[in-house]
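A short write-up of the structure that comes next.
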2 protein chains.
Amino acid sequence: MQRCTDLTERDLKRVRSPELFTTLKMTDCEGDGSVGLTPLELYEKLSAHGDTIRALKTEKADKADIETAVKLLLKLKVDYKKLTGEDYKAGCPPSDTTVPSDNGPASDEGDDLVNPWSVSTSSAKGVDYDKLIVRFGSSKIDQELVDRIEKVSGQRAHHFLRRGIFFSHRDMHQVLDAYENKKSFYLYTGRGPSSEAMHVGHLIPFIFTKWLQDVFDIPLVIQMTDDEKYLWKDLTLEDCHHFAVENAKDIIACGFDVNKTFIFSDLDYIGSSPSFYRNVVKIQKHVTFNQVKGIFGFTDSDCIGKISFPAIQAAPSFSNSFPQIFNDRKDVTCLIPCAIDQDPYFRMTRDVAPRIGYPKPALLHSTFFPALQGAQTKMSASDATSSIFLTDTPKQIKNKVNKYAFSGGKDTIEEHRKYGGNTEVDVSFMYLTFFLEDDEQLEKIRQDYSSGALLTGELKKMLIETLQPIIAEHQEKRKQVTEDMVKQFMTPRKLDFNY
Amino acid sequence: MQRCTDLTERDLKRVRSPELFTTLKMTDCEGDGSVGLTPLELYEKLSAHGDTIRALKTEKADKADIETAVKLLLKLKVDYKKLTGEDYKAGCPPSDTTVPSDNGPASDEGDDLVNPWSVSTSSAKGVDYDKLIVRFGSSKIDQELVDRIEKVSGQRAHHFLRRGIFFSHRDMHQVLDAYENKKSFYLYTGRGPSSEAMHVGHLIPFIFTKWLQDVFDIPLVIQMTDDEKYLWKDLTLEDCHHFAVENAKDIIACGFDVNKTFIFSDLDYIGSSPSFYRNVVKIQKHVTFNQVKGIFGFTDSDCIGKISFPAIQAAPSFSNSFPQIFNDRKDVTCLIPCAIDQDPYFRMTRDVAPRIGYPKPALLHSTFFPALQGAQTKMSASDATSSIFLTDTPKQIKNKVNKYAFSGGKDTIEEHRKYGGNTEVDVSFMYLTFFLEDDEQLEKIRQDYSSGALLTGELKKMLIETLQPIIAEHQEKRKQVTEDMVKQFMTPRKLDFNY
């Protein structure tokens, strides 16, 4: 309830900044059905509801039914006015929802651009995540939620949670409520295999997902969207499928339990599971081009594969897409740990879920892992200097950090000693927040660097010494992943779990 | 070559009637790559080629390469001018290609509306098929082709061919050329299962396909688009799948050879065949929303399932969608017998095929089976009085024909005897052209009815006596179709055929 009031106040503020209409969401304190909708979605809901009322009248339906329907229509019109500042007018979609490019819904100058294909910001500190929470209509992972996860799991929270690397969520409290009542859930995460090379940033969701799997003792499905990469990139189907299998080896090396984990390539699994395809078709029936245009910024020149793909990323959110694991049960709740740029897919999924009789998936969102050159962009697998790759040698790691890691230090040693460095923009320090597990040591580094006691070279050395053994250990574990193990993880089968 | 010249003359004529631009196609006598394109497709090709040239210039590509590219651009511009009567202008699509409604590409007043979901005409004689051939850019099945089919197959042509019920084709001569050179082909047809009830009109493609299977001794795949019906109709997935299986029984009752025939439900097979799904994704990558908008009249309010569905109807046109039958060969030519309203799907398929390295499917198009009430519309499975159903009793057949079959006779017996009836609009006579095999008897009926010697009641009696045993025999054969037989036909498996 508290969160609801907070957001409403923020929303009212936002209504005065019309540039944010495209991503502004309704928040639900009244359960009126317009929760989480963009202006365009609410407009479409209104249009459809108008059609329903006309149909009821034509069919000379029961008067009470018509009255109830009209009441809801009026309520929706009030919501629409509240959300857009405009009166609803049939045939005239909200004015601010046009999308200028392929890069997703428009953001005004100064707003960060965050969608599944592009992340950019003008700030060296990186994306403004508090602002993103408001724009996306998700909830902040606050201390109360971290404490609750510790209590329910009986384990100390992972440092990604303690340090706000996983910073936003949807419905995590409901997941925990149910878990406390012996109603379990499953995990779903994924990877778009666009090359053989994975970098350390790609490991973040997997490291955290493994922790969740361990502490909650639940099954996990991992989608390799090789079909997506074929549709978006200039690659062959064979390439994309090969990358899916190669990337799966790095994922397996993170230590997932083969008895509780199913990794699948879309190109293999969709053609092996009538249940999965049925869910894809169900989702595709309930999402219009207008909606994906609004959510993802697709245009008329996009291929029909891109346009329908969001349904394929949505389908694993529903447990009956995996009958071999869940025995055809459709009501097992799904929790999706992912980077926040994937949220548009799951906003769509959550919109569709109740309309096809399935529970909405819950989400845990992470921040982006910064490029060596700075937090303005996500790292790119196609630029070898932008990140530490999982195949890098100790020497390469040392050279890359020393040469490319953006420093928050001062220009001269004298100045640095006097004024101290800025950990908020220093990439080496950011990387340590991801990979140095000891909280006290990290805090000491923060203080020493800020005071000037610690020099940039020394900080970089600490990062290098932290990363080298992690990467070396990963390489060692990956070597032990045999083709047979990959096959086992990627075979649709029963998992070691009973509901 | 002859056909090419003919068509060019027709095209030139058409260019003077701008209302037909939407469906007018380029014909290829020069192999310049603009063959078979609509103005919008050609416009898009030009836009894309412009982008390519700009990219070549930016990359400072080889001068000769740029020159070749520019030459092609100029050639395409000339084609564009020839096709549309307008100069190509970047950013301005051809003016006549906007689509007003859900009902497919616009047709001017007087033009028949023909697309996969709607067929209508203002003429009691039915759709003007000669005009349709020009609009769709297909070729007429002329006496020469009928003679050739007889010669190659060594069998007398089916009466559907002799009487122009299958009236139009694409590339049938190439299919026969190859067959004569011991290069075989396969057949693909389908059905959208929207209800349990099938009517006699639904049998037309199957009766003809069975004849083709018998005379050419080739394999056949039959697609039941239960996913399509779910996307388009207010039905559940379970309903649609059930209808697919029930309809398959009627299809099997037509006498197909189980050793040469694979019937599949999309909802089952797509989830059982990675090869099929891979082809779907390939096709989806090579078709834009603009294209399906132009071809099918989709709008932004259509669900993404409808928008991407055309790829699913296209996929069976490629032999490697059925590795169990064709051993992964991708070069076995496909021949599709279907009603002409399905042609838009295959125009799209033929456009995509060379771009993904597959042969274009060939087609044989049938006219529509008229409703009892007249040839203005296709029959509807949802209107029991519009057609003879495969479940009708002899008495129902008699009553329906007597009560509803639109008559080309005169108002009084005296007038009829004096002026004669009109077989061109008489539905009973039309039905006889479909179901009465004896050419001489049919010709005698035509003469007698036209002269007035035969009265409407007598003509209807002949139709009733022709239909009753056909329907009764179908019902008898359908009864003999067991669940096991259905399962056998619908199991992906090797067919009795070697390439």
What number goes with the only condition from (1) assigned to a helix (DSSP H, G or I); (2) touching a residue at least 40 places away in the same chain (Cβ under 8 Å) that A:Thr299 does not pass?
(1)
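Looking at A:Ile251, A:Ile263, A:Ile222 in this structure, which one is closer than 21 Å to A:Met348 by Cα and away from chain B (no Cβ under 11 Å)? So that I can check it myself, show each step before the final result.
Details: A:Ile251 fails: closer than 21 Å to A:Met348 by Cα; A:Ile263 fails: closer than 21 Å to A:Met348 by Cα.
A:Ile222 is the lone residue from the list that is closer than 21 Å to A:Met348 by Cα and away from chain B (no Cβ under 11 Å).
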Could we say that B:Gly294 is within 8 Å of chain A (Cβ to nearest Cβ), of a type in the set (Gly, Ala, Ser) and crowded, with 24+ Cβ neighbours inside 10 Å here?
no
Taking B:Asp257 as meeting all but one of (1) touching a helix residue (DSSP H, G or I) at 6+ places or on another chain (Cβ under 6 Å); (2) among the charged types (D, E, K, R); (3) more than 7 Å from chain A (Cβ to nearest Cβ), write down the number of the exception.
(1)
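For the stretch B:237-247, state whether one or more residues are at the interface with chain A (Cβ under 7 Å from one of its Cβ atoms) and under 25 Å from A:Pro323 (Cβ atoms).
Quick first cut of the stretch B:237-247, residues at the interface with chain A (Cβ under 7 Å from one of its Cβ atoms) only: B:237.
Retained after the next criterion (residues that are under 25 Å from A:Pro323 (Cβ atoms)): B:237.
Yes.
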Within the stretch B:232-283, how many residues turn out to be surrounded by fewer than 23 Cβ atoms within 10 Å (Cβ to Cβ), touching a residue at least 40 places away in the same chain (Cβ under 8 Å) and basic (Lys, Arg)?
2
Scan the stretch B:456-465 and give yes if some residue there is in a helix (DSSP H, G or I), touching a residue at least 12 places away in the same chain (Cβ under 8 Å), β-branched (Val, Ile, Thr) and more than 23 Å from B:Leu203 (Cβ to Cβ), otherwise no.
yes
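Do you know which residues across the stretch A:302-317 are of a type in the set (D, E, K, R) and either assigned to a helix (DSSP H, G or I) or touching a Pro at 6+ places or on another chain (Cβ under 6 Å) (or both)? Spell out how you get there, then give the answer.
First, pick out the residues of the stretch A:302-317 that are of a type in the set (D, E, K, R): A:302, A:306.
Residue satisfying the conditions is A:Lys306 alone.
Filter the stretch B:409-430 down to residues that are over 14 Å from B:Leu463 (Cα atoms) and surrounded by 17 or more Cβ atoms within 10 Å (Cβ to Cβ), then give me how many there are. Before the answer, list the steps.
Looking only at the stretch B:409-430, we keep the residues that are over 14 Å from B:Leu463 (Cα atoms), and these are B:409-422, B:424-425.
Among the residues that remain, those that are also surrounded by 17 or more Cβ atoms within 10 Å (Cβ to Cβ) are: B:409-410, B:416, B:420-421, B:425.
Summing the residues that are over 14 Å from B:Leu463 (Cα atoms) and surrounded by 17 or more Cβ atoms within 10 Å (Cβ to Cβ) in the stretch B:409-430 gives 6.
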All conditions in (1) under 20 Å from A:Tyr358 (Cα atoms); (2) more than 7 Å from chain B (Cβ to nearest Cβ) are true of A:Pro274 except (2)
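Kindly indicate whether A:Asp328 is in a loop (DSSP other than H, G, I, E, B) and modelled with pLDDT of 95 or more. Break it down stepwise before answering.
Working: in a loop (DSSP other than H, G, I, E, B): yes; modelled with pLDDT of 95 or more: no.
Judged against the criteria, A:Asp328 is not a match.
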Per the filter on the stretch A:286-296, residues touching a residue at least 60 places away in the same chain (Cβ under 8 Å) and either assigned to a helix (DSSP H, G or I) or charged (D, E, K, R) (or both) are A:Asn290, A:Gln291, A:Lys293, A:Gly294, A:Ile295, A:Phe296
When you go through (1) assigned to a helix (DSSP H, G or I); (2) within 30 Å of B:Ser118 (Cα to Cα); (3) modelled with pLDDT of 95 or more one by one for B:Lys151, which number turns out not to apply?
(2)
Being under 18 Å from B:Leu390 (Cβ atoms) and β-branched (Val, Ile, Thr), is that true of even one residue in the stretch B:448-469?
yes
When (1) surrounded by fewer than 20 Cβ atoms within 10 Å (Cβ to Cβ); (2) more than 17 Å from B:Ile204 (Cβ to Cβ) are applied to B:Glu437, the one that fails is (2)
Quick one: which of B:Thr349, B:Thr288, B:Thr333, B:Thr385 is within 7 Å of another protein chain (Cβ to nearest Cβ) and of a type in the set (Val, Ile, Thr)?
B:Thr288
So for the stretch B:300-312 (the condition being closer than 21 Å to B:Arg347 by Cβ, polar (S, T, N, Q), within 12 Å of chain A (Cβ to nearest Cβ) and buried (at least 23 other Cβ atoms within 10 Å of the Cβ)), does at least one residue qualify?
yes
For the stretch B:182-199, indicate whether the set of residues that are part of a helix (DSSP H, G or I) and either within 14 Å of chain A (Cβ to nearest Cβ) or surrounded by fewer than 18 Cβ atoms within 10 Å (Cβ to Cβ) (or both) is non-empty.
no
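The values are calculated or read from the model by the stated rules, or taken from the named source; none is laboratory data. Just so you know, these numbers come straight off a predicted model, no measurement behind them. Neighbour counts run over all protein chains shown; Cβ positions are idealised from the backbone, glycine included.
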